[in-house]
Structure formats: structure tokens, C-alpha cells
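Report on the following structure.
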Amino acid sequence: MRDYGGYEQGQRLKEALVNLVFPRRCPVCDEIVPAGEGMICASCRTIPQYIQEPRCRKCGKQLLEDTALFCSGCIQKKHIFDYGYAVYDYQSMRKSIYRFKYANRCEYASFYAKDICEKLSKEIQLMEADSIVPVPIHASKLKSRGYNQAQLIARELSQLTGIPIYENIIKRVRKTVPQKELGTQERQNNLKKAFNISADVVKLNKTIVIDDIYTTGSTLDAVALELKRHGVRTIYFITLCIGDGI
């Protein structure tokens, strides 16, 4: 992983100038961050709950027992992706993620990416990935929302790690029902033929797929299936949140 100290210093200067005109909002409470406190209010720094060991060796979900290797979901379901990690417990950052996705809080992406690098530095290095690929959203949703939240995180993460981002390799070609409204089997059926490779990926070997929330892993499996069909050997993933019943 790139030593992002110099990059971060440059970003601080850039952000300081931008904040004079457009003050940064805290990704936790959404209030304007006081000058000198960085990306998050000092009083909010203890609110995000980070996923720690023991965690599932497949999906990265927090486990309750040190002796367990996999969560119940990954024991019951065979995934197409190889393995991955989430940074936050869903409940602690639920409101933050909602604003990020639906209230145009695009500035949160830099905070999320910084947290990913700080909490998963060793894990990312061990992946030895040659590419970062954001989970795409359908063109109609992109038009109405104006941005793809996974793409924003992926761009920031690429800058911090030096891993190249490939934004247009895979497209969402079928408009689907929101996954949160469906059961496990319905989610799998909902995503059939939803994604399509739009570029040559044979040159890619190990890819990190980026998304905002891990539920059952169906979306990541659907993306991983297309990438593996076209020659990508290993598919990792990183999401912001994971948790039961989300």
C-alpha cells in the first residue's frame, strides 16, 4: 500500500481552502466540523463501532466466539467472492450511510476511505490487488441520484492506496428492486443477469470490489460471478457496513 502521508497532507491543505467556502459536515452527526478537528467532530469519534476480531473468514462479519471461523450465513451459503471485510457495524453508522447515499453527502467518502485504510491496512496489503472495482448502479438511479456512492469510495481508496480503479468495466444493465425489500432467495433471483462486463478484464488478476453495505452478499456474488467468468482469478471485497438484519 502507498504511504499516503504526503497525499493526506496535500488533501488537508486542499480541504482547508474548500472548507473556508463550503464547511465540512461531520459524517456522524452532520453538523459543521469545528476548525482544526479534521473530518469528524471530536465528540463523535467514539460513535463509529468498528468490526474487530474475531470476524468471519469469508464475509468479515463480527463473530461472538473466538473458536468460530465462519458466521452462520457463510456456513449455509457458498459465495462466489473469495473473501472480504467491512469497517463498521451497521447500526452505529446507519444514519451516516443513509445521508451519504440519499442526501448528497458525497464529502463523507474521503472520511470512509481514510478509515478503511487505517483499519484494514494489513488486510489490503495481503490482498496484493491489481484493481479496484466499484459496484455499479443502474443508469436510471445514477441519473436521479447524481452519483454512485460505491464509486466515490473507490476513487478515494484508489488515491490512498495507489491501486488502480476501473470504473467502467462492469455495468448494471437491469433495473432491480432494492435488495433490502427482499428475502435471501428473492435477492439472488433479483440480481440474475443484472450485471454485464463492458470491457476486457483478462489482464486483471486480483480485484477488490467496493460497496457500501453487506447484507447477504448476493450483490457481491453477482458482480464476482461476472468478473470471474471473464478471467479475474480472485475477488475480494470491502464494504463500509455489515450487520445482522439489515
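The values are calculated or read from the model by the stated rules, or taken from the named source; none is laboratory data. No experiment lies behind these values; they were computed from the predicted model shown. Glycine also receives a Cβ, built like all others from the backbone with ideal geometry; neighbour counts cover every protein chain displayed. Accessible surface areas use protein heavy atoms only, side chains included; no ligands, DNA or RNA. Shrake-Rupley method; radii C 1.70, N 1.55, O 1.52, S 1.80 Å.
Among the residues of segment 116-149, write down those that are of a type in the set (A, V, I, L, M, F, W, C) and open to solvent by 50 Å² or more (accessible area, probe 1.4 Å). Of everything in segment 116-149, those that are of a type in the set (A, V, I, L, M, F, W, C) and open to solvent by 50 Å² or more (accessible area, probe 1.4 Å) turn out to be Leu126, Ala139, Leu142. Taken as a whole, the structure leaves Ala35 outside the set of residues that are open to solvent by less than 70 Å² (accessible area, probe 1.4 Å), modelled with pLDDT under 90 and not in a strand (DSSP E or B). Residue count for segment 76-92 satisfying the condition of being in contact with a Leu (Cβ under 7 Å, 6 or more places away or on another chain), open to solvent by less than 30 Å² (accessible area, probe 1.4 Å) and not in a strand (DSSP E or B): 1.
Just one residue in the set Lys122, Lys77, Lys58 is under 19 Å from Val135 (Cα atoms) and either in contact with a Phe, Trp or Tyr (Cβ under 9 Å, 6 or more places away or on another chain) or among the basic types (Lys, Arg) (or both); that residue is Lys58. Across segment 46-68, the qualifying residues are those that are open to solvent by 100 Å² or more (accessible area, probe 1.4 Å) and either modelled with pLDDT under 95 or within 18 Å of the chain's Cα centre (by Cα) (or both), and the one among them that is farthest from Ile213 (Cα to Cα) is Thr67.
Per the listing Gly73, Gly10, Gly6, the residue uniquely closer than 26 Å to Thr219 by Cα, in a helix (DSSP H, G or I), modelled with pLDDT under 95 and not β-branched (Val, Ile, Thr) is Gly73.
Applying the set (1) open to solvent by less than 10 Å² (accessible area, probe 1.4 Å); (2) assigned to a helix (DSSP H, G or I); (3) out of contact with any helix residue (DSSP H, G or I) (no Cβ under 9 Å at 6 or more places or on another chain) to Lys95 leaves exactly one unmet item: (1). Looking at this structure, is Glu167 at pLDDT below 95 and in a helix (DSSP H, G or I)? When the stated conditions are applied, Glu167 does not pass them.
Going by the conditions given, is Leu64 closer than 30 Å to Gly231 by Cβ and outside any helix (DSSP H, G or I)? Considered against the rule, which asks whether it is closer than 30 Å to Gly231 by Cβ and outside any helix (DSSP H, G or I), Leu64 comes out as no. Only one of the numbered conditions (1) among the hydroxyl-bearing types (Ser, Thr, Tyr); (2) in a helix (DSSP H, G or I); (3) open to solvent by 10 Å² or more (accessible area, probe 1.4 Å) is not met by Tyr112, and that is (3). In segment 69-123, which residue that is within 18 Å of the chain's Cα centre (by Cα) and among the β-branched types (Val, Ile, Thr) is farthest from Cys26 (Cα to Cα)? The extreme case among them is Ile80.
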